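The values are calculated or read from the model by the stated rules, or taken from the named source; none is laboratory data. All of these numbers come straight from a predicted model, not from anything done at the bench. Cβ atoms come from the backbone with ideal geometry, glycine included; neighbour counts cover every protein chain shown.
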Amino acid sequence: MYPSCREPSMLSFFESAVADPPIVDIKVQVFGHGERLEIALHPELPSKSMLDSWDEVNKFVHEYVHAFGTDVKHSNAWKCNFCGDPARETNCYMKGSYLFDRPLVDVWIHFMCSHEKPACVKGLATASYKITYEIGDKDLPGNPFATRAGPPPGGRWPLAASCCNCKTELSARTQSALRRCSGCKLTRYCSVGCQKADWKRHKGACKAVKDVDWLPF
Ligand SMILES: [Zn+2]
Ligand SMILES: [Zn+2]
Ligand SMILES: [Zn+2]
């Protein structure tokens with residue numbers, strides 16, 4: 001599913017040019033109902049030796065982006081890309097490649113109401129084929145979120161528009177009043193208390209965000 005590892009000869013050629021710890025360039029495209037956002041992320045890889053294996057890099061990026069999804073907020077409430085209902089879930093495709101000394105990973109995130117709603121699952125399939133076509137591939141990029149665990153017992157995932165810390169339904173209803181993190185200008189909180197409480201978790205993501213572009217749909 002993922003591109004194979006670099007040729008060993010290329011690896012040694014690039015070795016000297018690679019920063020330590022190495023940086024991975026992640027281009028995230030986020031789709032909601034009538035909203036599109038592009039985020040450039042440059043997190044550090046935990047170790048240089050990780051570059052020896054695409055599987056390792058992909059695993060890292062998969063987990064990183066999965067965790068980062070919760071930090072992606074908006075002045076409007078995120079809605080399902082396919083039906084316009086309030087979004088609670090995300091679906092993510094990713095594809096990795098190398099440009100000179102740096103690994104590059106393209107990520108497509110679709111906000112969704114629920115993976116249980118057939119019309120929206122069908123919409124996601126159409127969107128996935130569009131991605132495949134646009135990148136000129138014959139196979140779909142990896143879809144790591146397809147295998148994630150289901151919603152918490154007895155509950156639903158929190159609204160994507162809710163406060164990044166307390167995640168309450170109420171905070172999503174007053175979404176326009178949420179405060180934006182001044183570092184990344186992306187994550188939002190209902191109060192200073194919530195922002196402080198979440199800082200330890202959010203700090204890494206906040207630093208990794210290099211650019212946020214709101215695009216015409
Ligand atoms: Zn939907
Ligand atoms: Zn809160
Ligand atoms: Zn931030």
(message) Between a residue in segment 194-215 that is under 15 Å from GLY69 (Cβ atoms) and any residue that is in a helix (DSSP H, G or I) and away from ligand 2 (no atom under 13 Å from the Cβ), which pairs come within a Cβ distance under 7 Å, given they are 6 or more apart or on different chains?
(response) HIS202/ASP71; ALA205/PHE68; ALA205/ASP71
(request) Could you pull out the residue among ILE109, ILE39 that is under 11 Å from the mean Cα position of the chain (by Cα), buried (at least 17 other Cβ atoms within 10 Å of the Cβ), touching a residue at least 40 places away in the same chain (Cβ under 8 Å) and within 16 Å of ligand 1 (Cβ to nearest atom)? (result) ILE109
(message) Can you pull out every residue in segment 56-86 that is part of a loop (DSSP other than H, G, I, E, B), in contact (Cβ under 8 Å) with a residue 40 or more places away in the chain and away from ligand 3 (no atom under 16 Å from the Cβ)?
(response) ASN76, ALA77, TRP78, CYS80, ASN81, PHE82, CYS83, GLY84
(request) Might you let me know whether segment 78-85 holds any residue that is within 16 Å of ligand 1 (Cβ to nearest atom), among the aromatic types (Phe, Trp, Tyr) and buried (at least 16 other Cβ atoms within 10 Å of the Cβ)? (result) yes
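For every residue, the table says whether it meets (1) modelled with pLDDT of 90 or more; (2) part of a loop (DSSP other than H, G, I, E, B); (3) touching a Phe, Trp or Tyr at 6+ places or on another chain (Cβ under 8 Å); (4) away from ligand 2 (no atom under 15 Å from the Cβ).
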residue	(1), (2), (3), (4)
LEU140	no, yes, yes, yes
ALA146	no, no, no, yes
ARG156	no, yes, no, yes
ASN165	yes, yes, yes, no
LYS207	yes, no, no, yes
(message) Just the residues that are within 9 Å of ligand 3 (Cβ to nearest atom) and buried (at least 18 other Cβ atoms within 10 Å of the Cβ), please, taken from segment 207-217.
(response) VAL209
(request) Kindly indicate whether any position in segment 176-194 is out of contact with any strand residue (DSSP E or B) (no Cβ under 6 Å at 6 or more places or on another chain), modelled with pLDDT of 75 or more, within 12 Å of ligand 2 (Cβ to nearest atom) and farther than 21 Å from ALA77 by Cα. (result) yes
(message) Here are the criteria: (1) modelled with pLDDT under 75; (2) hydrophobic (A, V, I, L, M, F, W, C); (3) surrounded by 13 or more Cβ atoms within 10 Å (Cβ to Cβ); (4) within 30 Å of CYS184 (Cα to Cα). Tell me which single one CYS5 does not satisfy.
(response) (4)
(message) Just to be sure I understand the filter: pairs with C-beta atoms under 7 Å, separated by 6 or more residues or on different chains, first member in segment 113-136 and within 16 Å of HIS33 (Cβ to Cβ), second member outside any helix (DSSP H, G or I) and among the β-branched types (Val, Ile, Thr). Which pairs pass?
(response) none
